[in-house]
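A.B. asks: Questions regarding the structure given below will be posed in turn.
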Amino acid sequence: MSLDLLAREIVRLSVHGGTTPVLVTPSYLSFRPEFFRQFVSAVASRTDRTVRIDWLRTGRGISAVIGDRMAARQAAKITRMLRGDTPASHSIELSSSIGRPDGSSSRARSELVIGLCDNRQPLPPWATAISLGDNSIPSADQ
């Protein structure tokens, strides 16, 4: 799937579907910063809203703490890169939950929220999984 098709589907789900689109990947797959630059650019070209990526991190234990610290550094680096490219405040944020599509705050209403998680994470009922690279998608029942 091209980034343009992916961006179009994400905006459609977010605006017309009343759901938060979530990119679901196998646990071994990670994206380079340039992917986020191109991806956010493709999404932002289809909407006037700021793009926020909620990177779902719900692991426990010492390995999760170490992984979260590394992920936080990577997210900060990507956010700086995204904000350096445009005047918009696009961001990637570590989160323990995926944002709701209706926006529970005025800040959230101005943002197009996109989730990101691996296929071991259960998704909330308001999220729609977009599987990338694997067919096993978590459900809210897990």
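The values are calculated or read from the model by the stated rules, or taken from the named source; none is laboratory data. Everything quoted here is computed from the prediction, not taken from an experiment. Keep in mind that these areas ignore ligands, DNA and RNA; they rest on the heavy atoms of the full protein, side chains included. Shrake-Rupley method; radii C 1.70, N 1.55, O 1.52, S 1.80 Å.
A.B. asks: Per residue, how large is the accessible surface of the chain? Use a 1.4 angstrom probe and give square angstrom.
C.D. replies: Counting only protein heavy atoms, the per-residue value for the chain is 56 Å².
A.B. asks: Right, here's the next one. Can you list the residues, at least 5 places off or on another chain, whose amide H is less than 5 Å from the amide H of residue 94, using H built in the peptide plane?
C.D. replies: 55
A.B. asks: DSSP H helices in the chain with Cα extent of 30 Å or more along the helix axis and mean Kyte-Doolittle hydropathy at least -0.5?
C.D. replies: 62-85
A.B. asks: May I pose another question? Provide the descending list of Cα extents for the stretch 3-131 along its principal axes, expressed in whole angstroms.
C.D. replies: Taking the Cα atoms of the stretch 3-131, the three principal extents are 40, 34, 29 Å.
A.B. asks: If you rank 41, 131, 96 by how much accessible surface each has, with a 1.4 Å probe, what is the order from largest down?
C.D. replies: The ordering from most to least exposed comes out as 96, 41, 131.
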